[in-house]
1. Report whether or not residue 267 is under 29 Å from residue 545 (Cβ atoms), in contact with a strand residue (DSSP E or B) (Cβ under 6 Å, 6 or more places away or on another chain), hydroxyl-bearing (Ser, Thr, Tyr) and not assigned by TED's automatic domain parsing to the domain that holds residue 540.
2. Looking at the stretch 53-68, can you tell me whether even one residue there is over 23 Å from the mean Cα position of the chain (by Cα) and among the basic types (Lys, Arg)?
3. Give the stretch 582-592 a look and list any residue that's polar (S, T, N, Q) and part of a loop (DSSP other than H, G, I, E, B), or say none.
4. Could you tell me whether residue 579 is assigned to a helix (DSSP H, G or I), without any contact (Cβ under 8 Å) to a residue 40 or more places away in the chain and touching a helix residue (DSSP H, G or I) at 6+ places or on another chain (Cβ under 8 Å)?
5. From the set of residues in the stretch 100-122 that are at pLDDT 95 or above and in a loop (DSSP other than H, G, I, E, B), which is nearest to residue 140 (Cα to Cα)?
6. Is it true that some residue in the stretch 412-427 is within 29 Å of residue 225 (Cβ to Cβ) and within 16 Å of ligand 2 (Cβ to nearest atom)?
7. Using the structure shown, decide if residue 384 is closer than 24 Å to residue 184 by Cβ and more than 16 Å from ligand 1 (Cβ to nearest atom).
8. Give the stretch 552-566 a look and list any residue that's outside any loop (DSSP other than H, G, I, E, B) and within 13 Å of ligand 1 (Cβ to nearest atom), or say none.
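The values are calculated or read from the model by the stated rules, or taken from the named source; none is laboratory data. Small disclaimer: the values here were computed from a predicted structure and weren't measured. Methodologically, a virtual Cβ is constructed for each residue, glycine included, from the backbone with ideal geometry; neighbour enumeration extends over all protein chains shown.
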Amino acid sequence: MSSEETAGQHESALRDALKQYWGYPNFRPLQQQAMEAVMSQHDSLVVLPTGGGKSLCYQVPGLIREGLMVVVSPLIALMKDQVDALTEIGIPAAAVNSSLSFEERRDIVRRVESGELKMLYAAPERLCTEKMIDFLKRQKISAVAVDEAHCISSWGHNFRPEYRLLGELREHLPDIDFHAYTATATEQVRDDICRQLNLHDPLVLVGSFDRPNLSYRVQRRKKLHDQVKTVIDRHADEAGIIYCISRRQVDELTAKLQESGHRAVAYHAGLENEVRQRAQEAFLNEEADIVVATVAFGMGIDKPNVRYVLHASATKSIENYQQETGRAGRDGLPSECVLFHSGNDFATWRRMLDDLTGEAAQAAEEQLRLQSRFCNSLQCRHKALVEHFGQEFEVENCGACDVCLGEIEVMDDSLVVAQKIVSCVYRVDQRFGADYVAGVLTGSKDQRILDNGHHELSTYNLLQGYRKTTIREWIDQLIDQDCLVRQGEYQTLGMGPRSREVFNGDYAPRLLQAAAREKKSRASKPDATELSPMERELFDELRLLRRDLASEKGIAPFIVFGDASLIDMVRRRPTNLSEFLGIQGVGQKKADQYAAIFLKRIAEFCESHAEVGWEV
Ligand code: ADP
Ligand code: ZN
């Protein structure tokens, strides 16, 4: 079945539901096709990037179709947010999990049997018990939606063996259509999903992996804290995640941020469960702005208004980088990703991955190499990421990465500088590390250099006037380009496979130079959130209102209204119900619940600012 065949048949029903319940006027790319597949009971596999709007692909048709839609989800936290969000817009939904009391469980059974419930969430191990399957067989099920479907594949980054049980579920429900959703891009995982779930001639829809609302920057790590601060300052009071390579880095950075008055919390596997839980909740409830975390953090976090994701160190693969940065800007608003790296990061990863052997070790090494190349590349970051996942990227200038924004410059005389560095390594007999070599090149009076007589070398002081740190960066770049190698316990520098070509001028490595002092770039402050001071004031007020309403109900603030909705309110300042219904993300039920209180608050704000022309 082609997507054209399915297109259109149910368009108006889907569009009406999307507007009436969710308050969205348009489909996102591929959403309509994905929804049509569910409407026509045709198995499907939908691959969309994070924030692509996968949940709506099954929720909208699930609402329209007769019967109960069963949704498989790996985590209780994810289920809770989804159920809260559906309940908020007036769609009867529930989740079964181990934390339910007997009464709550009985109530769900009753709501399923009476046909009242439209959406039932459960983890696979709960769904695939004999009792549950018997129960489901007796109910009117519309379809089964498998969220985070890559969990079924051992090739994915998040294999969960219990997902394999779903193959059985399918056998027990032979007439029910199954639909799988994932953001994981690789073909291997995709094939695995189709096979394990035994999807029948599935409609496979694969969206673009590009995340146009994210801007990417990659910088050498210098003074981490200052670098982090520069980014955080662009995002006062906004939510951000900072990924660190180690628990220690997490603790240090959190302490520093807290000292300087930021609302930051730490999250890593070394902390008590309870502490971690609290940190996560504080972040979701907007009591904390910043989570400083190891890779342990993130799965199950679908907070849509994360405005920046920083990496204090390089990741161990591009997949990890894509996954982690993917948590920024799910709501489609401009968000920023900045990676700070140094050659040491890769050495650290190698140590951590030390116990891998054979193929796994090789694969890990290859992934590190690709990640390192990404860090040191001069190619558009969007292009590099998209192409890594096997798609084409034809945009000439993305306007949203450090390379395209001209924040990075290649040195004009890269080759000459490279020759000086490589020959210095050669002259010190390949017996010293980067710091020492940089010292010789900058004419350092270090006692060791003098003792070794290296101040008499022809390469001594040859790069006079450059900072030592700059030269160390170039050394890293030369290593990345195979023009030097680091070797042995002491990480001494030696000749690399291309050293000779560099000497002969046959190969010109590229040396990057940060453009003069962190240029202020267009993207350094995302446009869509670029509010005037007055708008900002109103936005902050509405945010607090949203938080209070949410905490009364015990739900996350973003479930009341997303940032996109608040920004739309601030810009348009609705004065009546019908204008309020025109706001992005305001459906009928949300308007019933919140129009009065938000309209009142907006009116009051405008009135008290009338003297500056803000009357409505
Ligand atoms: P995914 O599961 O693919 O990461 P979600 O389903 O969580 O993405 O959707 C991400 C955000 O985009 C949510 O806030 C959702 O409400 C919003 N969204 C989804 N579809 C649309 C649409 N058609 N128009 C506007 N916003 C949408
Ligand atoms: Zn670019």
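1. yes
2. Initially, the stretch 53-68 is screened for residues over 23 Å from the mean Cα position of the chain (by Cα), giving 60-68.
The next check asks that each one be among the basic types (Lys, Arg); those that pass are 65.
Yes, the stretch 53-68 has at least one match.
3. Keep residues of the stretch 582-592 that are polar (S, T, N, Q), which gives 584, 588.
584, the sole residue that qualifies.
4. Details: assigned to a helix (DSSP H, G or I): yes; without any contact (Cβ under 8 Å) to a residue 40 or more places away in the chain: yes; touching a helix residue (DSSP H, G or I) at 6+ places or on another chain (Cβ under 8 Å): yes.
Yes: the conditions hold for residue 579.
5. Step by step, filter the stretch 100-122, then rank; the result is 115.
6. Within the stretch 412-427, none of the residues are within 29 Å of residue 225 (Cβ to Cβ) and within 16 Å of ligand 2 (Cβ to nearest atom).
7. On the way: closer than 24 Å to residue 184 by Cβ: yes; more than 16 Å from ligand 1 (Cβ to nearest atom): yes.
Answer is yes for this residue.
8. Passing the criteria: 557, 558, 559, 560, 563, 564, 565, 566.
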